[in-house]
Amino acid sequence: EIDKLKEKVDITDLKEQIISSKTTMQYELEKISQWFTRNKSSYMSSFSADIILEIVHELTKNIYNNQEIILKKHVDKIHINGEKLKSFVDVMFILFDNIVKHSHLDKDINVEVIIERIEGRLLIKCSNEISEDIVTMENKERIEVIKRNINKKEEMSYVSREGGSGFYKIEKIITVDLNCPLTMNFDYSKDKFIVELDIESRGVFYEDINN
């Protein structure tokens, strides 16, 4: 529960936003975004990577209260610079939102997230169960088109396109907003959909010079 974060960070305002927020995704995410960006002086100096998942999981449960994500997580003890929090929450929410919308399951969804640091890179792997009926040739081809568009990296105009735009938005957040090189892969694997983000750190990790 998000209550467990009280000793790590003052989340009173965030919790109130989540509890009082309405029903649409756009409204919910906008309210949370306003909380993060309201005043730069209120940024935490750093936060643990685990907080990202706590926030996004709670937010997703509040939006999709008729279907729950059963989250299994493996998170290294990583500290990230505080001003990066909103961007990483946005990225993880896009992934969780896609899971609920596109898994085609009428039950709770099992999701596994791994977040680890390997030298100067942040690795995020998210896998979720899916309905077998969505693993079609048409959907596989659609995934390949999105990959090709992202790998071109010629322009960011495709961010606004419909259909698979969540991956374009992730690319934009990480490479433009955070200014970090990104290698992204996503595909079907039997009864799962797997997303892998390999992010080169450029000021993402918080290094305490006093320790």
Gain upon complete extension [Ile143, Ser45; 0.36 nm per residue less C-alpha separation]: 31.5 nm
Apportionment of accessible area to carbon and sulfur, the stretch 72-111, percent (1.4 Å): 47
For the stretch 61-192: rounded, prolate or oblate by the Cα gyration tensor [a/c cutoff 1.5]: oblate
Estimated vicinal HN-Hα couplings, Hz - the stretch 90-96 in sequence order (Karplus 6.51, -1.76, 1.60; Gly, Pro = x): 4, 4, 5, 5, 4, 5, 5
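The values are calculated or read from the model by the stated rules, or taken from the named source; none is laboratory data. On a predicted model such as this, the values are computed, not experimentally measured, just so you know. Note: accessible area is taken over every heavy atom of the protein model, side chains too, but ligands, DNA and RNA are not part of it. Shrake-Rupley method; radii C 1.70, N 1.55, O 1.52, S 1.80 Å.
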